[in-house]
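Since every read-out is calculated from the coordinates, none of them should be taken as a lab result. The shown structure was predicted, so the numbers you read here are calculated from the model rather than taken from an experiment. For neighbour counting, all protein chains shown are included, and Cβ atoms are generated from backbone atoms with ideal geometry for every residue, glycine included.
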Amino acid sequence: MYAIVIFLAILILLAWLYLFPVIVHYQLNVRDYIRVILRVAVESVPSILVQLMILAIYAGIVNYLPALLVLLGVTPFAIAQMAISYNMLNRIERKEK
């Protein structure tokens, strides 16, 4: 039972990482959005690890210097996530052509 819950939690985390970049990049219906999000998440394990590593580094820096959170907010992580996601989506589009 725990394995199913952990698997679904990981799947939701992966979908959340690519939800907004896919919505911005494509104009699809809801079913196709889900299909594309899951496809991108499965094909981009290294970029997911890089995104999570950047998030951990930023969280560590903010934990050490909390004033940076007030000053910068989540903008550095958002910029890094969009750059990684944009490159991944372009790579997938080049594969399809």
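Of the peptides 59-72, 34-47, the ranking by mean beta-carbon count within 10 Å, highest at the top, reads 34-47, 59-72.
Do you know the relative contact order of the chain, to the nearest whole percent, from alpha carbon pairs under 8 angstrom that are 6+ apart?
Values: 39 pairs, mean separation 32.9, N = 97.
Relative contact order here is 34 percent.
Work through the residues other than residue 35 whose Cβ is under 14 Å from its Cβ and net out their charges, Lys, Arg +1 and Asp, Glu -1. Before the final figure, lay out the partial values.
Details: positive: 31, 39; negative: 32, 43, 96.
That sum, taken over residues with Cβ under 14 Å, equals -1.
Estimated purely from DSSP H runs of n ≥ 4, each contributing -39500 (n - 2.57), the mean residue ellipticity at 222 nm for the chain is -30000 deg cm²/dmol once divided by its residues.
Classified by the C-alpha gyration tensor, region 1-78 has an oblate form. Its axis ratio a/c, with a ≥ b ≥ c, is 1.5 or above, and a/b does not exceed b/c. Sorting 26, 2, 58 by the number of Cβ atoms found within 10 Å of their own Cβ, with the fewest placed first, yields 2, 26, 58. Local charge for residue 92 was computed over the other residues whose Cβ lies under 15 Å away, with Lys and Arg +1 and Asp and Glu -1, and equals +2. In order along region 44-51, phi translates into HN-Hα couplings of 10, 4, x, 5, 5, 5, 5, 4 Hz, rounded to whole numbers, per the Karplus curve 6.51 cos²θ - 1.76 cosθ + 1.60 with θ = phi - 60° and x for Gly and Pro.
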